[in-house]
Amino acid sequence: MTLFLGRVPRRARRAISLLSLGGLLALVAAAPAQAATGPADGRTVLGAGQHVDAVYPVVKDGGLTIRTLTDDGERDPDDVVLHVPDTKTSHIELPEEYSFLGKPGSDAWISPQTQDMSVVWPGWSFEGIPNGKLKGTVSMDFEGFAYAGEAKSPHFAVTQPGGFGNKKVSQLIVPGSAFNSVSGEVGSHTHANWLFTDKGTYDVDFSVHATLADGKAVEDTATVRFVVGEVPDEQREPTPQKVRHYSEDADGLLLTPSKVDAEYFVGQTVQLTAASQKAEDDSSYRWYVKKRGESEFTEVPEQKEAVFSTKPDRVLDGAQVYAELMKDGKAVQKSDPTTVHVRALDFTTQLTVTPDKKTYEEGDSARFTSAQNPETEDEHYHWYLKRQGESAYEWIEESRLADQELPVTEDLDGAQVVARLFNADHAVLSESAPLTLSVDTKDGASPVAVKVGQDTEQHTAGAKATFAAEVSNAPKDHSVSWSVRQNAENPFTEIADAKGTTLEHTVPAGWNGAQILATVEDGDGKVVAEGTVPVLKVADGKKSGRNQESVASDKEQSDSSSAALWWTVAAVVVVVAVLAAWFVARRKNSEATAGQPQ
């Protein structure tokens with residue numbers, strides 16, 4: 001199971017907020033505790049608010065080695081122990097949403113993803129690997145754990161905030177569950193909540209896997225030691241724990257989504273893991289999907305493994321997925337359907353892309369520069385390319401930085417490039433407007449061109465919009481078709497019955513930010529030109545109506561308030577005048593009385 005975790009800049013670490021416990025574990029002010037100084041098996045005890053990248057892989061001499069990064073530099077993981085003492089903030093009652101870890105209300109200890117100055121602040125980091133050294137992402141896998149202490153069944157979990165409201169618990173690493181691996185980009189840094197059910201010593205085994213730029217697979221293993229509670233004077237050797245697998249409690253075939261309640265944001269990867277007591281190492285599976293509005297499930301033939309994986313385009317929102325466990329070509333078990341939910345995050349910044357040239361020649365190296373407005377702490381990018389005639393954008397391999405270079409070839413004339421910015425959980429935060437490349441082919445012929453116009457720059461959801469394609473140098477018997485791509489997604493969807501140079505279509509609210517594409521084909525069906533509305537602006541008609549009503553209501557209230565204010569001022573003036581007259585009359589009466597004999 002893989003969970004993508006993107007770049008969290010070092011300068012932003014102190015600002016990461018603790019959300020995963022829904023406020024139940026909100027930290028109160030606590031005086032920093034002194035780090036324990038016991039023997040700790042000869043290790044250095046790290047605690048009292050110290051920041052530690054417990055798993056810190058580095059690439060040296062053609063191999064990968066796991067180190068631990070402390071405030072004093074790199075250390076061998078076997079030389080340190082991470083201390084979670086019993087404090088007012090670390091000792092908690094286990095919340096209801098952590099029932100997978102133990103009985104709600106029972107004792108637990110936490111080292112949170114925000115810095116608590118009374119306990120160690122652990123995370124993992126891939127910042128020790130320079131860009132360009134690896135191909136793909138880095139994977140950190142849980143391999144098992146050992147324990148020394150008084151508890152009979154110790155347990156722990158590594159979690160983060162999850163779900164659409166960011167108030168649920170997203171499981172990252174939970175022994176015995178489907179959650180046993182995380183991955184991240186080179187240069188990324190991650191903090192999480194580490195929860196333990198009992199005091200004692202936990203030796204947690206991790207492995208890190210990566211692929212060097214030359215294709216060589218590299219890996220290393222390390223053990224991270226946590227001590228929960230008081231550091232013992234003499235450390236007993238931790239005993240390996242037998243972890244009860246989550247599928248052992250399932251009577252049938254169980255599906256587990258990689259995200260809490262199968263809630264995914266655009267940019268993340270949908271992953272469902274099938275598990276059963278009847279499954280064997282060489283078992284095969286069949287997966288079926290029924291999208292919203294469809295009446296029947298359809299088999300997905302390319303999915304045959306225990307893990308179903310796909311991109312979370314919005315078309316999957318509300319889709320149902322189930323699996324069958326196969327044996328000798330027959331289904332021996334069938335899971336209950338799982339409903340997948342997909343949303344797009346509201347963009348938090350505007351991302352623009354600027355090319356270094358307007359027109360390129362074959363053999364050039366095009367350079368694209370991106371900029372955020374406003375600037376954010378997020379630095380995790382991917383770049384995508386769609387050649388003319390293709391129906392979807394494709395990721396430009398190993399494109400992970402704010403700027404991107406691209407070798408120019410003749411087939412890139414008319415191609416389009418977009419950049420996307422991701423958050424630490426690999427959800428899309430922003431997408432640039434598509435940039436169309438121009439390559440001088442030097443053949444002397446006047447190229448076919450198409451320019452797309454629209455009847456208005458701002459559309460209203462539920463209303464009809466008109467788009468017109470103006471084709472120049474059109475070939476004989478040419479045709480024009482139309483398609484649409486929602487922002488932050490790759491595939492274009494053909495608009496049914498949309499043919500000809502004019503498109504009239506009712507615009508849904510979901511098309512806000514979408515790209516409209518007009519495709520020109522010659523008589524042989526070859527794509528010869530494309531034109532686009534890069535970013536469609538669609539306002540929610542209902543909201544607009546409510547806004548107009550709100551404005552009218554505000555005006556009425558304002559007029560009413562103004563009238564009330566004038567009446568209030570007038571009343572005050574009258575009262576002041578009456579009081580003034582009464583005061584003058586009383587003063588005259590007092591003076592007259594004072595002049596009379598007593």
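Sequence-ordered 3J(HN,Hα) estimates for the range 389-404 from the Karplus curve with 6.51, -1.76 and 1.60 and θ = phi - 60° stand at x, 7, 9, 7, 6, 10, 5, 6, 3, 6, 8, 9, 10, 5, 10, 9 Hz, glycine and proline given as x. Measuring how big the range 341-486 is from its alpha-carbon positions, Rg and Dmax come out at 17.4, 52 Å.
This model, with +1 at the C-beta of Lys and Arg and -1 at the C-beta of Asp and Glu, gives the range 243-357 a dipole about its Cα centre of some 280 debye. Compared with the alpha-carbon gap, the fully stretched path from residue 60 to residue 248 is longer by 63.5 nm at 0.36 nm per residue.
Which entries of 242/334; 103/278; 290/311 show an alpha-carbon separation above 20 angstrom in the structure shown? Violating the 20 Å limit, Cα to Cα: 242/334; 103/278. From the cross-link list 291/526; 442/476; 152/199; 386/451; 358/451, which pairs have alpha carbons spaced over 21 Å apart? Over 21 Å Cα-Cα: 291/526; 442/476. Full extension of the chain segment joining residue 44 with residue 470 gains 146.1 nm, where the gain is 0.36 nm per residue of separation less the Cα-Cα distance. Assuming charge only on the beta carbon of Lys and Arg (+1) and of Asp and Glu (-1), the dipole of the range 270-309 about its Cα centre is about 260 debye to the nearest 20. With the convex hull constructed from alpha-carbon coordinates only, the range 226-307 shows a mean projected area of 9.9 nm² over all directions. In this calculation the C-beta distance from residue 269 to residue 320 is compared with R0 = 25 Å, giving a FRET efficiency of 0.85.
Between residue 281 and residue 166, the C-beta separation translates, for a Förster distance of 51 Å, into a calculated FRET efficiency of about 0.85. About its Cα centre, the dipole of the range 170-278 is roughly 240 debye, where the only charges are +1 on Lys and Arg Cβ and -1 on Asp and Glu Cβ. The simple Förster model, with R0 at 45 Å and r as the Cβ-Cβ distance, assigns residue 93 and residue 334 a FRET efficiency of 0.70.
For the pair residue 369 and residue 216, label points projected 7 Å from Cα toward Cβ lie 3.7 nm apart.
Quick note: the coordinates plus some simple rules give every number you see, no bench work behind them. The structure displayed is predicted, hence computed values, not measured ones. Backbone-built Cβ (ideal geometry, glycine too); neighbour counts: all protein chains shown.
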